[in-house]
Amino acid sequence: MNFKRDKKEEESGEASNPFGNLEKTTVLQEARAFNDSVINPRKCTMILSKVLYLLNQGEVFGTTEATETFFAITKLFQSKDPILRRMVYLGIKELSHIAEDVIIVTSSLTKDMTGKEDLYRGAAIRALCTITDASMLQALERYLKQAIVDKLPHVSSAALVRSYHLTSGSGELIKRWVSEVQEALNSDNVMVQYHALGVLYHIRKADRLAVTKLVSRLTKSHMKSPFAVSLLIRIAAKLVDEEEKPLDSPFFDFLESCLRHKSELVIFEAAHAIINLKNVTAREINPAVSVLQLFCSSPKPALRFAAVRTLNKVAISHPTSVTNCNVDLENLITDSNRSIATLAITTLLKTGAESSIDRLMKQIASFVSEISDEFKVVVVQAIKSLCLKFPRKHATLMSFLSALLRDEGGLDYKAAIADTIITIIEENPEAKETGLAHLSEFIEDCEHTVLAVRILNLLGKEGPKTKQPSKYIRYIYNRVILEQAPVRAAAVSALAQFAAHCPNLLPNILVLLMRCQMDSDDEVRDRATLYFQLLSSGDRALTNQFILNNLQQSVLALEKALGSYLQGPTDAPFDIKTVALASVTSDELKPTVATPGILKTKPAEPKKAPVKEVSFLDEVSNIPDLARLQLGGLFKTCTKQPLTESETEYVVTSTKHVFSQHLVLQFHVQNTLPDQLLENVKVQLDVPDGFRQVAVVAIPKLPYGTPANAYCVLAWPEDLEVASGATIGATLKFIVKDCDPDTGVPDSDEGYDDEYVLEDVDVNLSDHIFGVTRSNFAAAWEEITTEREETYALSNANTIPEAVKNIVDFLGLHPCDRSDRVPEGKSSHAVALAGVFRGGIEILARAKLVLSDGVNLQLTVRAQDELVAELITASVG
Amino acid sequence: MGIFDKLAGLLGLRRREVNVLVVGLDNSGKSTLLNHFKSEESKSSEIVPTIGFNVEKFQNKNVGFTAFDMSGQGRYRSLWEHYYRDCQGIIFVIDSSDKLRFVVAKDELDTLLQHPDIANRRIPVLFFANKMDVKEAMSAVKISAALGLDRISNKPWHICASNAITGEGLQEGVEWLTGQIWEYVDRRR
């Protein structure tokens, strides 16, 4: 009855989803029907579907609710209806994580799994393994082993897949099932064979030798299942990658032979594997590429898609190999499947010559409105790499991008376009004016606040340096009138930048800022007032410091420092110099030469740097010996430096943390011997003259496998010259106790002293200097007057780019205004460098390089402290 | 009750479906007992300790029994209560040779009878003094004294000695239960 009524509602209602308006409480109420002494299978199936639907929609079930429902479901075992029974299995699996006492169904499921009803057996195995834990599993082991070798493929597969999942919790137990799994591997069924191989590999994964044996045995036997062969290819490819000489490996021959397999699946997998090997050359790739080329003209869309997607990837690393497929790719541009067409075009863009760009752009423009945002982003990224490759084509590409900007699209898509334009502006000075014009037109009609703010910021930075800064003012001021608060605030800041840069615009902008002071939003008003006061004061130094140069401190560290400042009641003003500076490493990582495509993968890791600094301060405050010292704000954390070979008994790396008065050496020690327990582990330093050791923090216990940190704290010497060049010898000292490798419990309480000599820790000039960016180098340069100048002949560099790199590395200063990029073929170059010395002393440097018989360097250093300037000039050379 | 139902009842064609709960300590013979009621081809040859519960169906006269065979192991006994509310009969199995654990059985029985889902309902309780063939087995009378069955006043109960392996005494007990269930069901109408 109920079912019928449901059906009627479905027909009459507008909602196409019969489960659309479910309420958890109503459904749980309905679920009471499971408790009836006579079960109506149809009705119960319906209710169970509703419960499952709710669970999968993310509805939260409380433990009591879930347990109650679960026990109600268990009562459905009395029904013999096969459909209902399968729903019961699903219900059990879904609820098993929330409900309590799910173990109750163990016997019932065991009965189904070993019973005569074949239909139930696979599903029962899956449900059973979800509800059991490691302790129960032993009792079920016998049944599961039988199921693995069952003659029914679906039962065997279910058991295999479940054992695969169980290996994470009870790996040791599963290892005992190897012989059954081996037997299943010889099965005739394609799926069983595949699953068996998966389990077998998973069991042996940790043992490289065993895996090698397994693969070499299987590569010789001809497995029937294409899925299993595909998996084997993946395993083999992994092995090949780990070898030193991959191309001599017998497994590589296997991969190649699979290119001639009769199954398309296997062929593709093999081609994909070969192409993705780490150190392949064009010669090895070519057969794989030609296979993919054949796939490009296959009638199956899936195959075409797979092929073109893989080719798209190779196009980055081996463009020449892919060029052979260009004819086939051209045909795919008109493919009815838009995804294939997009990939084909982007591949062509990567491989194509400069001459074909115009034509390809036209092609793309014809269908760009039809594809999804996600693929549009792919296209935009391809264009980005193209711009870097062919800077001369920027006009075509830029007009195409601006057309895209005007189209409809989501935030990701617009952000990708804006990103691309910004990159082009930064890379290519010729394109700057047009790019900025496009962007300022774009913000006229931009619904994404984030993007508008970014672009306004960029306009503020780049706009004043163009030939006609005044034309951007209109665009920016329009924002102040029309947009919402965050955008208005950004626009005000941008206006201030213009005013600070271009004195002739100052009076006009002051008028505009005055109007902004009437704004309804606090932030906007505050900014306008601040800038107005700064600008009308006419003090160059002030404007330079607060408008043109941005905040150098890392925002996270600043927030933390302010937080702790507010907690302690103190009359002393807050000293911003104690706050860790924002690291600029992420910026440096941008490849100096335009290498298209790799851009996406490179930055990521170093961006966490500021977070690391903050987390180290947290660490310090947790160690009483260090917290006692009142180290103050962290100035700089240098990169890790290994003090041992990577495969010795004890692996030690050191990190130098520089504070204004102290140097903290952090030793990350790892014990790689399972049969030893180390106690009282500390690092003894051979302290050089001038330095003073303040504290040593030892590691009380260092068991196998869990690394820990030891610390030494040194006070900096007064003499800067000593401080900026020292070598500190280090020895690891500890007490060794032999212990049981399995439990980690020492055999006896007696231990013996031992030591281990580490490599020296070097302290040099760059440790004291933190590179920062100056957006307006010239203004900052004028501010400082203390100057030292020196001329050197650099013996260790033969080209200018090499010399620039050496100087930047040695001094630890950060290049400004992109002056570290040396135009090709020039015989002289000037680099502007900026940084902060320990203790917050600003340093600026100009390095003029001239190529003549080696490289000559004229270094001019300006610093707030004379000694520092002298130190720097003295240490170069 | 409709006229057809009455007619069918008179002719003995009326069918009832009831749920009964089979409980008792571990190793008292619950699963073996139910195994006896199964048809020849579905009988299992070996009985293993039940984990959680099993559902079995059998038929006596015109009553279809759905028996929830609960696990008797200590840590699963707390799960019995989930099934109290919708059962129309209880079978409590006792190992007559296990004198040591009569106290435990009594304890479990008392907890069961005092449970809110059971206490106020007049549902029939059938006791099987199982394993009567074992030499040191106690008689049904002695067991009923040991468990204090005479104190049960608001429920019909019956105890009979049984041997679940041969099936001796089982039929008698189940017939009593069938009769009680008819009575119970009719009174409720």
Restricting region A:66-82 to residues that are closer than 12 Å to A:Ile98 by Cα and either open to solvent by 60 Å² or more (accessible area, probe 1.4 Å) or among the hydrophobic types (A, V, I, L, M, F, W, C) (or both), the one farthest from the other protein chains (Cβ to nearest Cβ) turns out to be A:Ala66
Flagged in region B:78-89 as in contact (Cβ under 8 Å) with a residue 40 or more places away in the chain and more than 9 Å from chain A (Cβ to nearest Cβ), in numbering order, are B:Trp80, B:Tyr84, B:Gly89
- request: Kindly establish whether B:Glu17 is open to solvent by 20 Å² or more (accessible area, probe 1.4 Å) and within 9 Å of another protein chain (Cβ to nearest Cβ).
  value: yes
If we ask which residues in region A:366-385 are open to solvent by less than 60 Å² (accessible area, probe 1.4 Å), out of contact with any Gly (no Cβ under 8 Å at 6 or more places or on another chain) and in a helix (DSSP H, G or I), their number turns out to be 10
Among residues of region A:37-54 being within 14 Å of chain B (Cβ to nearest Cβ) and β-branched (Val, Ile, Thr), the residue farthest from A:Ile98 (Cα to Cα) is A:Val38
In region B:20-33, anything crowded, with 21+ Cβ neighbours inside 10 Å and either among the hydroxyl-bearing types (Ser, Thr, Tyr) or within 12 Å of chain A (Cβ to nearest Cβ) (or both) is listed as B:Val20, B:Leu21, B:Ser28, B:Lys30, B:Ser31
Given the conditions (1) of a type in the set (Val, Ile, Thr); (2) surrounded by 14 or more Cβ atoms within 10 Å (Cβ to Cβ); (3) away from every other protein chain (no Cβ under 14 Å), every one holds for B:Val141 apart from (2)
When A:Leu626 is run through (1) over 15 Å from A:Val697 (Cα atoms); (2) open to solvent by less than 50 Å² (accessible area, probe 1.4 Å); (3) not in a strand (DSSP E or B), the failure sits at (1)
Residues in region B:38-46: is at least one open to solvent by 20 Å² or more (accessible area, probe 1.4 Å), away from every other protein chain (no Cβ under 11 Å) and in contact with an Asp or Glu (Cβ under 7 Å, 6 or more places away or on another chain)? yes
Cβ pairs under 8 Å, 6+ apart or interchain, first in region A:196-225 and closer than 17 Å to A:Ala184 by Cα, second part of a loop (DSSP other than H, G, I, E, B) and among the hydroxyl-bearing types (Ser, Thr, Tyr), ordered by first then second residue, are A:Ala196/A:Ser187
All conditions in (1) within 30 Å of A:Phe691 (Cα to Cα); (2) open to solvent by 40 Å² or more (accessible area, probe 1.4 Å) are true of A:Thr785 except (1)
Condition check for A:Arg234: open to solvent by 50 Å² or more (accessible area, probe 1.4 Å), modelled with pLDDT of 85 or more and under 26 Å from A:Ser298 (Cα atoms):
yes
Taking A:Arg454 as the residue in question, decide whether it is at pLDDT 80 or above, among the basic types (Lys, Arg), open to solvent by 30 Å² or more (accessible area, probe 1.4 Å) and under 25 Å from A:Asp373 (Cα atoms). yes
Those residues of region A:327-349 which are open to solvent by less than 20 Å² (accessible area, probe 1.4 Å) and among the small types (Gly, Ala, Ser) amount to A:Ala341, A:Ala344
(1) within 13 Å of chain B (Cβ to nearest Cβ); (2) surrounded by fewer than 16 Cβ atoms within 10 Å (Cβ to Cβ); (3) assigned to a helix (DSSP H, G or I) all hold for A:Thr26 apart from (1)
TODO: Answer yes if at least one residue in region A:413-431 is open to solvent by less than 50 Å² (accessible area, probe 1.4 Å), β-branched (Val, Ile, Thr) and in contact with a Ser or Thr (Cβ under 6 Å, 6 or more places away or on another chain), and no otherwise.
DONE: no
Within region B:49-59, the residues that are crowded, with 16+ Cβ neighbours inside 10 Å and either aromatic (Phe, Trp, Tyr) or more than 8 Å from chain A (Cβ to nearest Cβ) (or both) are B:Phe53, B:Glu56, B:Phe58
Would a scan of region A:800-816 turn up a residue that is open to solvent by 60 Å² or more (accessible area, probe 1.4 Å) and either among the hydroxyl-bearing types (Ser, Thr, Tyr) or part of a loop (DSSP other than H, G, I, E, B) (or both)?
-> no
Pairs returned, first residue in region A:699-719 that is β-branched (Val, Ile, Thr), second residue that is open to solvent by 20 Å² or more (accessible area, probe 1.4 Å), beta-carbon separation under 6 angstrom, 6 or more apart or interchain, are A:Ile699/A:Ala708; A:Val713/A:His662; A:Val713/A:Val694
Exactly one of B:Asp69, B:Asp98 is buried (at least 19 other Cβ atoms within 10 Å of the Cβ), in contact (Cβ under 8 Å) with a residue 40 or more places away in the chain and more than 16 Å from the chain's Cα centre (by Cα), and that residue is B:Asp98
Filtering region A:350-365 for residues that are open to solvent by 10 Å² or more (accessible area, probe 1.4 Å) and more than 21 Å from A:Arg406 (Cα to Cα) leaves a count of 8
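The values are calculated or read from the model by the stated rules, or taken from the named source; none is laboratory data. In this text, all values refer to a predicted model and were calculated from it rather than measured experimentally. Virtual Cβ from ideal backbone geometry, glycine too; neighbours counted across all protein chains shown. Side chains included, ligands, DNA and RNA excluded: accessible areas come from the protein's heavy atoms. Shrake-Rupley method; radii C 1.70, N 1.55, O 1.52, S 1.80 Å.
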